[in-house]
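So the structure is just underneath, and the comments pick up after that.
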Amino acid sequence: MTAITATAPGKVILFGEHAVVYGRPALAAPVSGVRATARVEGRPPGSGTLINAADLNLTLSLTEAAGHALALTLKLVLKHLQMDEPDVLITLRSAIPIAGGLGSGAAISAALARAVCAYLGRPIDDAALSALVYEVEKVHHGTPSGIDNTVICYGKPVYFVKGSHPQIIHVGRAFELLIGDTGIAAPTRTTVATVREGWQRDPHNYETLFDRIGQIARKARGAVESGAIGQIGPLMNENHALLRSLGVSSEELERLVEAALGAGSPGAKLSGGGGGGNMIALVEPEQAASVREALIRAGAARVLHTTVQ
Ligand code: PMV
(Lines give C-alpha, C1' and ligand atoms only; values in the text may rest on other atoms or scores of the structure.)
Protein backbone atom coordinates (compact mmCIF):
# COMPACT_ATOMS: atom_id res chain seq x y z
CA MET A 1 0.00 0.00 0.00
CA THR A 2 1.14 3.55 -0.65
CA ALA A 3 2.37 5.61 2.28
CA ILE A 4 -0.11 8.13 3.69
CA THR A 5 0.62 11.42 5.45
CA ALA A 6 -1.87 13.39 7.57
CA THR A 7 -1.47 16.52 9.65
CA ALA A 8 -3.21 18.46 12.42
CA PRO A 9 -2.65 22.08 13.49
CA GLY A 10 -1.75 23.62 16.83
CA LYS A 11 -4.31 25.82 18.57
CA VAL A 12 -4.79 28.85 20.77
CA ILE A 13 -7.63 29.58 23.12
CA LEU A 14 -8.85 33.08 22.31
CA PHE A 15 -11.37 33.49 25.15
CA GLY A 16 -12.85 31.50 28.00
CA GLU A 17 -10.14 29.09 29.22
CA HIS A 18 -10.75 27.65 32.69
CA ALA A 19 -14.35 28.93 32.82
CA VAL A 20 -15.01 26.45 29.98
CA VAL A 21 -14.30 23.61 32.42
CA TYR A 22 -17.30 24.92 34.43
CA GLY A 23 -19.72 25.00 31.51
CA ARG A 24 -19.13 28.53 30.21
CA PRO A 25 -18.46 29.10 26.49
CA ALA A 26 -14.98 29.54 25.03
CA LEU A 27 -13.51 30.47 21.67
CA ALA A 28 -10.45 28.83 20.13
CA ALA A 29 -8.68 28.92 16.78
CA PRO A 30 -6.27 26.62 14.99
CA VAL A 31 -2.67 27.74 14.48
CA SER A 32 -2.22 26.39 10.99
CA GLY A 33 1.42 27.44 10.62
CA VAL A 34 2.61 24.89 13.18
CA ARG A 35 1.46 21.33 12.65
CA ALA A 36 1.93 17.75 13.73
CA THR A 37 2.48 15.26 10.91
CA ALA A 38 2.08 11.47 10.82
CA ARG A 39 3.30 9.28 7.97
CA VAL A 40 2.21 5.67 7.75
CA GLU A 41 3.94 3.11 5.54
CA GLY A 42 3.84 -0.67 5.27
CA ARG A 43 6.17 -3.11 7.05
CA PRO A 44 6.67 -6.81 6.31
CA PRO A 45 3.69 -9.06 7.18
CA GLY A 46 3.70 -10.13 10.84
CA SER A 47 6.11 -7.40 11.96
CA GLY A 48 3.45 -5.34 13.78
CA THR A 49 3.32 -1.61 14.39
CA LEU A 50 6.33 0.56 15.10
CA ILE A 51 5.89 4.18 16.15
CA ASN A 52 8.82 6.51 15.58
CA ALA A 53 8.50 9.92 17.22
CA ALA A 54 11.57 11.50 15.67
CA ASP A 55 11.43 14.79 17.66
CA LEU A 56 11.22 12.91 20.96
CA ASN A 57 13.95 10.50 19.94
CA LEU A 58 11.51 7.72 20.66
CA THR A 59 10.80 4.46 18.87
CA LEU A 60 8.28 2.08 20.32
CA SER A 61 6.39 -1.00 19.30
CA LEU A 62 2.73 -1.24 20.15
CA THR A 63 3.21 -4.34 22.27
CA GLU A 64 6.14 -2.98 24.30
CA ALA A 65 4.69 0.45 24.98
CA ALA A 66 1.17 -0.35 26.04
CA GLY A 67 0.97 2.50 28.60
CA HIS A 68 2.26 5.28 26.33
CA ALA A 69 -0.17 7.96 25.10
CA LEU A 70 0.83 7.27 21.47
CA ALA A 71 0.13 3.56 21.90
CA LEU A 72 -3.18 4.43 23.57
CA THR A 73 -4.13 6.57 20.57
CA LEU A 74 -3.37 3.72 18.22
CA LYS A 75 -5.33 1.24 20.32
CA LEU A 76 -8.35 3.55 20.29
CA VAL A 77 -8.03 3.85 16.51
CA LEU A 78 -7.97 0.06 16.10
CA LYS A 79 -10.96 -0.27 18.44
CA HIS A 80 -12.83 2.37 16.41
CA LEU A 81 -12.03 0.50 13.18
CA GLN A 82 -12.51 -2.92 14.80
CA MET A 83 -9.21 -4.03 13.27
CA ASP A 84 -6.13 -5.85 14.53
CA GLU A 85 -2.67 -4.35 14.85
CA PRO A 86 -1.45 -3.54 11.32
CA ASP A 87 2.07 -4.04 9.98
CA VAL A 88 3.08 -0.41 9.68
CA LEU A 89 5.72 2.13 10.54
CA ILE A 90 4.23 5.39 11.84
CA THR A 91 6.62 8.35 11.76
CA LEU A 92 5.56 11.37 13.80
CA ARG A 93 6.93 14.90 13.63
CA SER A 94 5.71 18.09 15.20
CA ALA A 95 6.57 21.76 14.85
CA ILE A 96 4.23 22.61 17.73
CA PRO A 97 6.10 23.61 20.91
CA ILE A 98 5.50 21.02 23.65
CA ALA A 99 3.75 21.80 26.99
CA GLY A 100 2.95 25.41 26.18
CA GLY A 101 -0.81 25.25 25.73
CA LEU A 102 -0.64 25.06 21.92
CA GLY A 103 -2.19 21.62 21.81
CA SER A 104 0.87 19.66 20.77
CA GLY A 105 -0.25 16.38 22.38
CA ALA A 106 -3.76 16.53 20.90
CA ALA A 107 -2.38 17.45 17.46
CA ILE A 108 0.04 14.51 17.44
CA SER A 109 -2.78 12.13 18.43
CA ALA A 110 -5.06 13.62 15.78
CA ALA A 111 -2.46 13.35 13.00
CA LEU A 112 -1.64 9.77 14.01
CA ALA A 113 -5.28 8.66 14.10
CA ARG A 114 -6.13 10.42 10.85
CA ALA A 115 -3.15 8.90 9.01
CA VAL A 116 -3.69 5.34 10.28
CA CYS A 117 -7.42 5.39 9.42
CA ALA A 118 -6.69 6.71 5.93
CA TYR A 119 -3.92 4.16 5.40
CA LEU A 120 -6.26 1.33 6.38
CA GLY A 121 -8.81 2.59 3.86
CA ARG A 122 -11.28 3.87 6.48
CA PRO A 123 -10.90 7.70 6.67
CA ILE A 124 -12.21 9.09 9.97
CA ASP A 125 -14.47 12.16 10.08
CA ASP A 126 -13.71 15.19 12.26
CA ALA A 127 -16.36 14.41 14.90
CA ALA A 128 -15.20 10.81 15.42
CA LEU A 129 -11.57 11.94 15.42
CA SER A 130 -12.32 14.59 18.04
CA ALA A 131 -14.10 12.05 20.28
CA LEU A 132 -11.14 9.69 19.99
CA VAL A 133 -8.54 12.37 20.79
CA TYR A 134 -10.67 13.45 23.77
CA GLU A 135 -10.16 9.99 25.28
CA VAL A 136 -6.39 10.45 25.00
CA GLU A 137 -6.62 13.99 26.44
CA LYS A 138 -8.34 12.59 29.52
CA VAL A 139 -5.27 10.51 30.26
CA HIS A 140 -3.02 13.59 29.99
CA HIS A 141 -5.18 16.19 31.70
CA GLY A 142 -7.65 14.47 33.98
CA THR A 143 -10.79 16.54 33.32
CA PRO A 144 -10.33 18.33 29.99
CA SER A 145 -13.25 20.40 28.73
CA GLY A 146 -12.76 19.02 25.22
CA ILE A 147 -11.94 22.35 23.58
CA ASP A 148 -8.40 21.36 22.49
CA ASN A 149 -9.35 18.19 20.63
CA THR A 150 -12.32 20.00 19.05
CA VAL A 151 -10.46 22.93 17.52
CA ILE A 152 -7.52 20.76 16.46
CA CYS A 153 -9.63 18.04 14.82
CA TYR A 154 -12.04 20.41 13.07
CA GLY A 155 -9.15 22.75 12.11
CA LYS A 156 -11.46 25.77 12.23
CA PRO A 157 -12.25 28.50 14.80
CA VAL A 158 -14.85 27.13 17.22
CA TYR A 159 -17.27 28.36 19.85
CA PHE A 160 -17.30 25.61 22.40
CA VAL A 161 -19.54 24.71 25.33
CA LYS A 162 -18.63 21.53 27.19
CA GLY A 163 -21.02 18.71 26.36
CA SER A 164 -22.59 20.50 23.35
CA HIS A 165 -21.94 20.05 19.67
CA PRO A 166 -19.09 22.45 18.74
CA GLN A 167 -20.08 25.44 16.63
CA ILE A 168 -17.71 26.41 13.84
CA ILE A 169 -17.56 30.19 13.69
CA HIS A 170 -17.32 32.27 10.58
CA VAL A 171 -14.67 34.98 10.96
CA GLY A 172 -16.12 38.24 9.56
CA ARG A 173 -12.69 39.82 9.08
CA ALA A 174 -9.35 38.05 9.49
CA PHE A 175 -7.15 39.26 12.35
CA GLU A 176 -3.57 38.64 13.38
CA LEU A 177 -2.13 37.40 16.63
CA LEU A 178 1.36 37.03 18.00
CA ILE A 179 1.85 34.11 20.33
CA GLY A 180 4.53 34.76 22.95
CA ASP A 181 5.99 31.80 24.79
CA THR A 182 7.22 32.34 28.35
CA GLY A 183 9.43 29.29 27.83
CA ILE A 184 8.11 27.91 31.09
CA ALA A 185 6.45 24.51 30.78
CA ALA A 186 3.22 24.64 32.74
CA PRO A 187 1.12 21.50 33.00
CA THR A 188 -2.55 22.34 32.43
CA ARG A 189 -3.44 19.76 35.07
CA THR A 190 -1.75 21.95 37.74
CA THR A 191 -3.53 25.22 36.94
CA VAL A 192 -6.86 23.43 36.48
CA ALA A 193 -6.35 22.01 39.99
CA THR A 194 -5.46 25.47 41.37
CA VAL A 195 -8.72 26.87 40.01
CA ARG A 196 -10.66 23.91 41.40
CA GLU A 197 -9.23 24.50 44.88
CA GLY A 198 -10.18 28.18 44.69
CA TRP A 199 -13.67 27.29 43.50
CA GLN A 200 -14.12 24.80 46.36
CA ARG A 201 -12.96 27.42 48.88
CA ASP A 202 -15.03 30.28 47.53
CA PRO A 203 -17.64 29.00 45.06
CA HIS A 204 -19.66 32.23 44.93
CA ASN A 205 -16.71 34.40 43.91
CA TYR A 206 -15.43 31.85 41.37
CA GLU A 207 -18.85 31.33 39.80
CA THR A 208 -19.10 35.11 39.39
CA LEU A 209 -15.69 35.21 37.70
CA PHE A 210 -16.67 32.29 35.41
CA ASP A 211 -19.92 34.09 34.50
CA ARG A 212 -18.02 37.23 33.57
CA ILE A 213 -15.57 35.24 31.45
CA GLY A 214 -18.49 33.48 29.75
CA GLN A 215 -20.09 36.83 28.92
CA ILE A 216 -16.83 38.01 27.38
CA ALA A 217 -16.62 34.86 25.25
CA ARG A 218 -20.19 35.43 24.02
CA LYS A 219 -19.48 39.08 23.16
CA ALA A 220 -16.20 38.08 21.50
CA ARG A 221 -18.00 35.57 19.31
CA GLY A 222 -20.27 38.39 18.06
CA ALA A 223 -17.27 40.64 17.42
CA VAL A 224 -15.34 37.91 15.57
CA GLU A 225 -18.32 36.93 13.43
CA SER A 226 -19.27 40.49 12.52
CA GLY A 227 -15.67 41.54 11.87
CA ALA A 228 -15.77 44.17 14.65
CA ILE A 229 -12.07 43.79 15.33
CA GLY A 230 -11.97 47.01 17.37
CA GLN A 231 -13.92 45.21 20.11
CA ILE A 232 -11.63 42.20 20.31
CA GLY A 233 -8.60 43.81 22.00
CA PRO A 234 -10.51 45.31 24.96
CA LEU A 235 -12.30 41.98 25.47
CA MET A 236 -8.93 40.20 25.56
CA ASN A 237 -7.71 42.63 28.22
CA GLU A 238 -10.84 42.08 30.34
CA ASN A 239 -10.52 38.33 29.99
CA HIS A 240 -6.87 38.47 31.05
CA ALA A 241 -7.72 40.48 34.18
CA LEU A 242 -10.29 37.85 35.16
CA LEU A 243 -7.78 35.04 34.56
CA ARG A 244 -5.40 36.90 36.84
CA SER A 245 -8.16 36.95 39.49
CA LEU A 246 -8.47 33.18 39.07
CA GLY A 247 -4.78 32.94 40.00
CA VAL A 248 -3.50 31.41 36.76
CA SER A 249 -1.28 34.22 35.49
CA SER A 250 2.42 34.42 36.37
CA GLU A 251 5.14 37.05 36.57
CA GLU A 252 6.46 36.03 33.15
CA LEU A 253 3.01 36.12 31.54
CA GLU A 254 2.36 39.56 33.07
CA ARG A 255 5.67 40.81 31.70
CA LEU A 256 4.83 39.63 28.16
CA VAL A 257 1.27 40.98 28.27
CA GLU A 258 2.52 44.38 29.46
CA ALA A 259 5.27 44.44 26.83
CA ALA A 260 2.77 43.72 24.03
CA LEU A 261 0.36 46.42 25.21
CA GLY A 262 3.25 48.86 25.68
CA ALA A 263 4.31 48.29 22.07
CA GLY A 264 0.84 49.17 20.79
CA SER A 265 -1.13 45.90 20.80
CA PRO A 266 -4.78 46.72 21.57
CA GLY A 267 -5.31 43.50 23.53
CA ALA A 268 -3.28 40.72 25.10
CA LYS A 269 -3.97 37.82 27.42
CA LEU A 270 -2.61 34.52 28.59
CA SER A 271 -3.85 31.64 26.48
CA GLY A 272 -4.55 28.11 27.69
CA GLY A 273 -3.82 26.82 31.15
CA GLY A 274 -1.57 29.70 32.26
CA GLY A 275 1.03 29.56 35.03
CA GLY A 276 3.57 29.81 32.18
CA GLY A 277 3.08 28.62 28.62
CA ASN A 278 1.84 31.12 26.08
CA MET A 279 0.14 34.48 25.78
CA ILE A 280 -1.48 36.03 22.72
CA ALA A 281 -1.45 39.63 21.52
CA LEU A 282 -3.72 41.11 18.88
CA VAL A 283 -1.77 43.11 16.28
CA GLU A 284 -2.43 45.18 13.21
CA PRO A 285 -0.08 44.00 10.43
CA GLU A 286 2.07 47.14 10.71
CA GLN A 287 2.52 46.64 14.50
CA ALA A 288 3.60 43.02 14.30
CA ALA A 289 7.36 43.67 14.05
CA SER A 290 7.54 46.10 16.98
CA VAL A 291 5.29 44.00 19.23
CA ARG A 292 7.36 40.91 18.41
CA GLU A 293 10.53 42.79 19.32
CA ALA A 294 9.00 43.96 22.60
CA LEU A 295 8.00 40.40 23.47
CA ILE A 296 11.52 39.12 22.81
CA ARG A 297 13.02 41.95 24.88
CA ALA A 298 10.61 41.06 27.70
CA GLY A 299 11.95 37.50 27.73
CA ALA A 300 9.77 35.52 25.28
CA ALA A 301 11.50 32.28 24.37
CA ARG A 302 9.71 32.20 21.02
CA VAL A 303 7.14 34.30 19.17
CA LEU A 304 4.80 32.79 16.57
CA HIS A 305 2.53 34.70 14.24
CA THR A 306 -0.89 33.46 13.18
CA THR A 307 -3.91 34.76 11.31
CA VAL A 308 -7.38 33.86 12.56
CA GLN A 309 -9.58 33.43 9.51
O1 PMV B 1 -4.39 22.81 27.03
P2 PMV B 1 -4.25 24.24 27.33
O3 PMV B 1 -3.16 24.55 28.29
O4 PMV B 1 -4.28 25.11 26.14
O5 PMV B 1 -5.51 24.75 28.16
C6 PMV B 1 -6.65 24.08 28.32
C7 PMV B 1 -7.73 25.03 28.63
C8 PMV B 1 -8.35 24.89 30.01
O9 PMV B 1 -9.58 25.59 29.91
C10 PMV B 1 -7.47 25.53 31.05
C11 PMV B 1 -8.60 23.44 30.39
C12 PMV B 1 -9.65 22.75 29.55
O13 PMV B 1 -9.70 21.52 29.64
O14 PMV B 1 -10.42 23.40 28.85
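Details
- A Gaussian network model of the chain, with springs between Cα atoms under 10 Å, assigns the largest mean-square fluctuation among Ala26, Ala71, Ala110 to Ala71.
- Gyration tensor (alpha-carbon) shape descriptor, region 44-120, a/c threshold 1.5: prolate
- Cα gyration tensor shape of the chain, rounded if a/c is under 1.5, else prolate or oblate by comparing a/b with b/c: prolate
- Point-charge dipole on Cβ atoms (K/R +1, D/E -1) for the chain, about Cα centre, debye to 20: 300 debye
- Within the accessible area of region 13-56 (1.4 Å probe), percent carbon and sulfur: 53 percent
- Helix 203-226 axis versus longest C-alpha principal axis of the chain: approximately 80°, rounded to the nearest ten.
- Compared with the dominant principal axis of the Cα atoms in the chain, helix 104-119 is inclined by about 40°.
- Accessible surface computed residue by residue for region 127-235, with neighbouring protein chains in place and a 1.4 Å probe, gives 45 Å² per residue.
- Spatially proximal lysines relative to Lys11 (Cα-Cα < 16 Å; intrachain offsets below 8 disregarded): Lys156, Lys269
- Reachable lysines from Lys75, criterion Cα separation under 24 angstrom, eight or more residues apart if same chain: Lys138
- Each 10 Å bin from zero up to the one holding the largest Cα-Cα distance in region 181-298 carries the following percent of pairs: 14, 41, 34, 10, 1.
- Among Ala298, Ala106, Ala281, residue whose mean-square fluctuation peaks in a GNM of the chain (springs only between Cα atoms under 10 Å): Ala298
- Taking each DSSP H run with n ≥ 4 as -39500 (n - 2.57) and averaging over every residue of the chain yields -13500 deg cm²/dmol at 222 nm.
- Gyration tensor verdict on region 77-225 (Cα atoms; rounded if a/c is under 1.5, prolate if a/b is larger than b/c, oblate otherwise): prolate
The values are calculated or read from the model by the stated rules, or taken from the named source; none is laboratory data. Keep in mind the model is a prediction, meaning the values are calculated, not measured. No Cβ is skipped: glycine too gets one built from the backbone with ideal geometry, and neighbour counts run over all protein chains shown. Just so you know, the surface numbers come from the protein's heavy atoms only, side chains and all, with ligands and any DNA or RNA stripped out. Shrake-Rupley method; radii C 1.70, N 1.55, O 1.52, S 1.80 Å.
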